[in-house]
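S.K.: One structure, pasted below without further comment.
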Amino acid sequence: MTPEQARQTQATVERTLREAEVNPYEMFRAQVDLAGEKLGYPADILEMVKRPERVLEVSVPVRMDDGRIEVFRGYRVQHSSVRGPCKGGIRFHPAVTIDEVKALAGWMTWKCAVVDIPLGGGKGGVVCDPTTLSEGELERLTRRYTAMILPLIGPHHDIPAPDVNTNARIMNWVMDTATALRGEPMYGIVTGKDLAVGGARGRREATGRGVVIVIEELLARLGREVAGATVAVQGFGNVGSVAAQLLHAKGAKVVGVSDISGALYDPTGLDIPSLLEHVSRSPQRLIAGYTAPGVQPLAGPEVLTLDVDVLVPAALEGQITEVNAGQIKARVIVEGANGPTTPEADLILEERGRVVAPDILANAGGVVVSYFEWVQNLQNFYWEEAETNERLAVILRRAFQSVWDNAKKHDVSLRTAAFMMGLERVVEAIRLRGVFP
Amino acid sequence: MIASTPSLLLGPAVHYDGILSRAMGAAADRVGRDGVGFLAVLRAGDPRAHSAFRYALAQEFCRYVSRLGSTFRAVYVYGSTVDGRTRPSSDVDIIAWVFRKSDTVESLLLRLNHLLTQGYRALTGCQCLQQLFDIHLVDDEDVEFGRAYGAVVRSVWTAPLCLWRR
């Protein structure tokens, strides 16, 4: 085949494949089957846990700034309420599909079950590009979407939260709309709100704090402790910067950090409080421009392959791949981000004896404190941050122990062990409750 | 787009870029057609085209696993792919000899198979195919003691074709 023919073949195949779509819900079902097979669960039980309990599709008409009406498509999926009210974010994104929302709702069921909080899984989404919407259009879209899904959601049924392209301000609007339509305070209908309207103290730091708790637990199992351990952190946003700050305070040497503006390295340990001060003063909140004696700049990806005890990928998904997994020197990798390790890299890391704490456990601090926010809203009694942190540690340490024990029991990776743990808890709830009628 | 899962929670897709297109290019060469012509005969269900495509896919599978550290030791293919009885709905029967059968290997191959199956369906229009690869893992002990598919690897009567060995 000539190079030109090869190029044409490649173009033909790519054009055809563009028409195909990965179906994330099918992938979710396959993952349940894999875990269910290992646990010896019957097909009928697995079918129950694979299918969502309810799926709602709504049309959301919004008066745009130019006077015309645009109708957006939205979804809310309740995957499972066998362990408690459904919990899961709302995302605003042009690529939202019903199968993606169904898969993510299922994943939330697992995430809540792994950390053993009494909530099930749900997810919502609106097909839209929020970057093209004005503030007013975004608010009207949020409020109308809330009104459309209101028959399904509620503090005792289904509690949304922020997700891709949604934030505290949008959650405030969800709560306010529900309050207006129901005629009573509805703080507990959504989490991730601002502190002044029912948010939880410690929510912003919760995911990073959870990452540090998981690092402590994992190192302890390997006969090490945080004090004196060397750490590299990829990503210096809400998760990475908080993890770096807490690790530094606990005596770890954070020798490398990176964000989209570059990477910094100091073999004697970076002065994290000073770096955080720099970032807080930077207009774009980046590490670029930071200088201190002994600090060397690195190319961004090099932070992943530093010779450290602990690596925290807390940036984007797909950062540790088959290309760089062979060069990763950290003994322990704790996934602060969602999906930072590709399946190929997982295999290479396993072969090299590296231990990976999976995202479903390592970054679950956020969902646990969301649970706390909901509890406080229901009680109308708000905790101090120290109480939140203390309770978070109890839950995550217990969850880690369960996943660790499960990995030993079934001779599987922590990632598979966590998924199996979630499945076991959901199936146990189904068995205890029975099937109505 | 098939390039990656759109979800931020389901994790990244396996890195299978180019497997289908390279296999198609190699198979088209083998049957003496260009890419577009080959796609046409593939969609028409031509057994020779399907056989060549599957063989090339098995070769690409070998290339894929050979990059992943040293977990994979050898890959064998058997069944319709090598005996010329291929139909559009036939899968590619593979025995993968690994150092250790782990959940991580299983999960990786599950994802790869899932994505390639979707891509194959899109390319050929054949929706009846359940899964593109039927993969059986064997480890050293399976082969040494002739257990499960390890017995097939050792068989002198139904010996599978070894496509790749580390």
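The values are calculated or read from the model by the stated rules, or taken from the named source; none is laboratory data. On a predicted model such as this, the values are computed, not experimentally measured, just so you know. Every residue, glycine as well, gets a Cβ built from its backbone with ideal geometry; the counts of neighbours run over all protein chains shown. Accessible surface is based on the protein model in full, side chains and every heavy atom, while ligands, DNA and RNA are left aside. Shrake-Rupley method; radii C 1.70, N 1.55, O 1.52, S 1.80 Å.
S.K.: Inside region A:174-186, can you point out the residues that are of a type outside the set (D, E, K, R) and surrounded by fewer than 20 Cβ atoms within 10 Å (Cβ to Cβ)? Outline the logic, then answer.
M.R.: At the first step, the residues of region A:174-186 found to be of a type outside the set (D, E, K, R) are A:174-175, A:177-181, A:183, A:185-186.
If the condition is that a residue be of a type outside the set (D, E, K, R) and surrounded by fewer than 20 Cβ atoms within 10 Å (Cβ to Cβ), then A:THR179, A:ALA180, A:LEU181, A:GLY183, A:PRO185 are the ones that fit.
S.K.: For region B:91-137, how many residues are in a loop (DSSP other than H, G, I, E, B), open to solvent by less than 30 Å² (accessible area, probe 1.4 Å) and farther than 17 Å from A:GLN31 by Cα?
M.R.: Residues meeting the conditions: 3.
S.K.: Just the residues that are touching a helix residue (DSSP H, G or I) at 6+ places or on another chain (Cβ under 6 Å) and in a helix (DSSP H, G or I), please, taken from region A:92-108.
M.R.: A:ASP99, A:GLU100, A:LYS102, A:ALA103, A:GLY106, listed by residue number.
S.K.: Something else now. For B:LEU123, work out the one condition from (1) within 8 Å of another protein chain (Cβ to nearest Cβ); (2) modelled with pLDDT under 85; (3) under 14 Å from the mean Cα position of the chain (by Cα) it doesn't fulfil.
M.R.: (3)
S.K.: Only residues in region B:150-163 that are of a type in the set (Ser, Thr, Tyr) count as the first member; pair them with residues that are surrounded by 12 or more Cβ atoms within 10 Å (Cβ to Cβ), Cβ under 9 angstrom, at least 6 apart or cross-chain, and list the lot.
M.R.: Every condition considered, the pairs that remain are B:SER155/B:GLY146; B:THR158/B:TYR78; B:THR158/B:VAL152.
S.K.: Among the numbered conditions (1) under 16 Å from the mean Cα position of the chain (by Cα); (2) closer than 21 Å to A:MET175 by Cβ, tell me where A:ALA113 comes up short.
M.R.: All conditions pass for A:ALA113, except number (2).
S.K.: Examine region A:333-351 for a residue that is among the polar types (S, T, N, Q), more than 20 Å from the chain's Cα centre (by Cα) and open to solvent by 10 Å² or more (accessible area, probe 1.4 Å), and state whether such a residue exists.
M.R.: No; the residues of region A:333-351 include none that is among the polar types (S, T, N, Q), more than 20 Å from the chain's Cα centre (by Cα) and open to solvent by 10 Å² or more (accessible area, probe 1.4 Å).
S.K.: A further question follows. Checking A:THR131 against (1) within 30 Å of A:VAL427 (Cα to Cα); (2) of a type in the set (Ser, Thr, Tyr); (3) open to solvent by 20 Å² or more (accessible area, probe 1.4 Å), which test does it fail?
M.R.: (1)
S.K.: I'm checking my understanding of the structure. Among residues of region A:259-288 that are part of a loop (DSSP other than H, G, I, E, B), open to solvent by less than 70 Å² (accessible area, probe 1.4 Å) and in contact with a helix residue (DSSP H, G or I) (Cβ under 9 Å, 6 or more places away or on another chain), which one is nearest to A:LEU316 (Cα to Cα)?
M.R.: Here is the first cut: in region A:259-288, the residues part of a loop (DSSP other than H, G, I, E, B) are A:260-261, A:266-271, A:282-288.
Of the ones still in play, those that are also open to solvent by less than 70 Å² (accessible area, probe 1.4 Å) are A:261, A:266-267, A:269-270, A:282, A:286-288.
Adding the requirement that they be in contact with a helix residue (DSSP H, G or I) (Cβ under 9 Å, 6 or more places away or on another chain) leaves A:261, A:269-270, A:286-287.
Values: A:SER261: 14, A:GLY269: 24, A:LEU270: 23, A:LEU286: 16, A:ILE287: 17 Å.
Step by step, filter region A:259-288, then rank; the result is A:SER261.
S.K.: Looking at region A:187-218, which of the residues that are out of contact with any Pro (no Cβ under 7 Å at 6 or more places or on another chain) and in a loop (DSSP other than H, G, I, E, B) is surrounded by the fewest Cβ atoms within 10 Å (Cβ to Cβ)? Lay out the reasoning, then the answer.
M.R.: Filtering region A:187-218 down to residues out of contact with any Pro (no Cβ under 7 Å at 6 or more places or on another chain) leaves A:187, A:191, A:193-218.
Among the residues that remain, those that are also in a loop (DSSP other than H, G, I, E, B) are: A:191, A:193-194, A:198-202.
On the way: A:THR191: 31, A:LYS193: 26, A:ASP194: 14, A:GLY198: 23, A:GLY199: 22, A:ALA200: 24, A:ARG201: 20, A:GLY202: 21.
Within region A:187-218, the match that is surrounded by the fewest Cβ atoms within 10 Å (Cβ to Cβ) is A:ASP194.
S.K.: In region A:256-288, how many residues are over 12 Å from A:PHE236 (Cβ atoms) and at pLDDT 95 or above?
M.R.: 10
Yes/no matrix, rows are residues, columns are (1) farther than 17 Å from A:LEU133 by Cβ; (2) touching an Asp or Glu at 6+ places or on another chain (Cβ under 7 Å):
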position: A:ILE45; (1), (2): yes, no
position: A:ARG54; (1), (2): yes, no
position: A:PRO61; (1), (2): no, no
position: A:GLY67; (1), (2): no, no
position: A:SER80; (1), (2): yes, yes
position: A:GLY88; (1), (2): yes, no
position: A:PHE92; (1), (2): no, no
